[in-house]
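Q: Got a structure here, written out as structure tokens. Questions coming.
The values are calculated or read from the model by the stated rules, or taken from the named source; none is laboratory data. None of the values given here were measured: they were computed from a predicted structure. Methodologically, a virtual Cβ is constructed for each residue, glycine included, from the backbone with ideal geometry; neighbour enumeration extends over all protein chains shown. All accessible areas refer to the heavy atoms of the entire protein, side chains included, with ligands and DNA or RNA removed. Shrake-Rupley method; radii C 1.70, N 1.55, O 1.52, S 1.80 Å.
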Amino acid sequence: MANNSVGFRTRLKARVIYINDGQGNATALVQTDLTSASLLLHHKVALAVASSGLKVSDIAITASHHQTTTR
């Protein structure tokens, strides 16, 4: 039941914590509002940050079901 759509219902956000030990080891922890992260998303994120030296295995994408509102 996949359909194309235009616009958005709600804005999704992501927060990233980047950890680098200064010796060539780095990790990116990505917390998203999207409660499902696919392998395709993981690889697209890795491609987008490839210039930082991160490999696919250096990226962890997680999600929470906590919804916040901004007033």
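Q: Which residues, counting only those in the stretch 11-30, are charged (D, E, K, R) and modelled with pLDDT of 80 or more?
A: R15, D21
Q: Still on this structure: Identify, by number, the condition in (1) among the hydrophobic types (A, V, I, L, M, F, W, C); (2) surrounded by 13 or more Cβ atoms within 10 Å (Cβ to Cβ); (3) at pLDDT below 75 that F8 doesn't meet.
A: (2)
Q: Would you mind finding the one in D33, D21 that is under 11 Å from the mean Cα position of the chain (by Cα) and among the acidic types (D, E)?
A: Going through D33, D21 in turn, just one is under 11 Å from the mean Cα position of the chain (by Cα) and among the acidic types (D, E): D33.
Q: Return yes when A63 is modelled with pLDDT of 80 or more and open to solvent by less than 70 Å² (accessible area, probe 1.4 Å) and no when it is not. If you could, list the steps in order and put the result at the bottom.
A: On the way: modelled with pLDDT of 80 or more: no; open to solvent by less than 70 Å² (accessible area, probe 1.4 Å): yes.
No: the conditions fail for A63.
Q: Take the stretch 17-59 and flag every residue that is assigned to a helix (DSSP H, G or I), hydrophobic (A, V, I, L, M, F, W, C) and open to solvent by less than 50 Å² (accessible area, probe 1.4 Å).
A: V45, A46
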